[in-house]
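Here's the structure we're looking at; comments come further down.
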Amino acid sequence: MSAGTASSTRREEGVARLDGRPLDKVRALQWTLYRCAKQDPERRFHALYGHVSRRDVLWRAWSGVCANRGAPGVDGVTVDAVAAAGVEEFLRDLSQQLRARTYRPSPLRQVMIPKPGRPGEFRRLSIPTVADRVVMTAAKLVLEPVFEADFLPVSYGFRPKRSAIHACESVRVEA
């Protein structure tokens, strides 16, 4: 999440804005969740599941999954196959399953891949289905802003726009 101030976000003519730039609905949702969590660290969020099933959130999640491509899961369905069959219908069905609470994740496809630089050694790779990747990404889009609000600025692991390089640079600057 951006570290802008709450006052820099405003609504004009029904469009959420951050620093004068219009936000799309998913980004506006994320900013709202972040701001609420930041303003009240003790706040409990009760209605997050409903946001995961929103079509715009699922579309954003699909975009991320589509960009990463990846191997097919246990069902053998690829990103290209979903695109060919119709993304709109795929996401509509997924949204309906989530709203009806009938969605169930599929088992993971297990693949053994060789460890680099270690001949004869392998590690297990678990591959989710495309549908599961979309749902996991949608959940991440909704949950991440809530948790980001509580993380310390000195935390770098597995966070957006932060890496080991950023952590090393922070140590170098502080030393």
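The values are calculated or read from the model by the stated rules, or taken from the named source; none is laboratory data. Keep in mind it's a predicted model, so treat the numbers as computed, not measured. Here the Cβ is made from the backbone with ideal geometry for all residues, glycine too, and neighbour counts use every protein chain on show.
Just one of the listed residues (VAL77, VAL82, VAL57) is crowded, with 17+ Cβ neighbours inside 10 Å and more than 25 Å from PHE158 (Cα to Cα), and it is VAL82.
Within region 51-67, being assigned to a helix (DSSP H, G or I) and either among the aliphatic types (A, V, I, L, M) or touching a residue at least 40 places away in the same chain (Cβ under 8 Å) (or both) holds for HIS51, VAL52, ARG55, VAL57, LEU58, ARG60, ALA61, TRP62, GLY64, VAL65, ALA67. Counted as qualifying within region 77-175 are the helices (runs of 4 or more DSSP H) with 3 or more residues that are under 27 Å from LEU48 (Cα atoms), namely 87-100, 130-148.
Screening region 130-172 for residues that are under 16 Å from the mean Cα position of the chain (by Cα) and over 26 Å from HIS46 (Cα atoms) and picking the one that is surrounded by the most Cβ atoms within 10 Å (Cβ to Cβ) gives VAL130. Restricting SER106, SER95, SER126 to residues that are modelled with pLDDT of 95 or more, out of contact with any helix residue (DSSP H, G or I) (no Cβ under 7 Å at 6 or more places or on another chain) and on the phi < 0 side of the Ramachandran plot narrows the list to SER126. Per the conditions (1) free of Cβ contacts under 8 Å to residues at least 24 places away in the same chain; (2) within 30 Å of PRO153 (Cα to Cα); (3) not in a helix (DSSP H, G or I), the sole criterion not satisfied by PHE45 is (1).
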